[in-house]
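Participant: Quick one: the structure is below, and I'll ask about it shortly.
The values are calculated or read from the model by the stated rules, or taken from the named source; none is laboratory data. Quantities reported herein were computed from a predicted structural model and do not represent experimental measurements. Note: areas computed on protein heavy atoms with side chains; ligands, DNA, RNA excluded. Shrake-Rupley method; radii C 1.70, N 1.55, O 1.52, S 1.80 Å.
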Amino acid sequence: MLGPGTCFNENTIPFSPSLAMNVGLNAALFLQQLHYRLNASKNIRDGHKWVFNTYDD
C-alpha cells in the first residue's frame with residue numbers, strides 16, 4: 001500500500017530545495033543522508049557519533 005502523497009512504494013529521501021540551491025543538488029542529497037544516518041547511529045567514539053556503510057549498502 002502506498003503512503004499518503006506518494007507515487008511509489010519505496011523509501012524516500014528527504015529533499016530541501018533551499019539547501020540544494022546553496023550547496024548544489026548532489027551535496028544536498030549527501031548532507032541530508034548523512035544527517036539522517038548520524039541521527040540514527042548508535043556508534044560513538046570519543047564523544048563523536050559516526051557512520052559507515054559498504055559500497056553495496
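Participant: Multiply the residue gap between residue 34 and residue 18 by 0.36 nm, knock off their C-alpha separation, and tell me the result in nm, one decimal place.
Facilitator: 4.0 nm
Participant: Can you show me the helix-derived [θ] at 222 nm for the chain, built from DSSP H runs with n ≥ 4 at -39,500 (n - 2.57) apiece and divided by the number of residues, rounded to the nearest 500.
Facilitator: -12500 deg cm²/dmol
Participant: Quick one: ranking 55, 36 by accessible area, 1.4 Å probe, largest first, what do you get?
Facilitator: Listed by decreasing accessible area, they come as 55, 36.
Participant: Rounded to two decimal places and with Rh computed the Kirkwood way over Cα pairs, what is Rg over Rh for the chain?
Facilitator: Working: Rg = 14.3 Å, Rh = 13.6 Å.
Ratio of gyration radius to Kirkwood radius for the chain: 1.06.
Participant: Return the carbon/sulfur percentage of the accessible area of the chain, one whole number, probe 1.4 Å, all protein chains in place.
Facilitator: 58
Participant: Can you work out the Karplus-derived ³J(HN,Hα) for every residue in segment 14-31? Use 6.51 cos²θ - 1.76 cosθ + 1.60 with θ = phi - 60°, whole Hz, and x for glycine or proline.
Facilitator: x, 9, 10, x, 5, 5, 4, 5, 7, 10, x, 4, 4, 5, 5, 4, 4, 5
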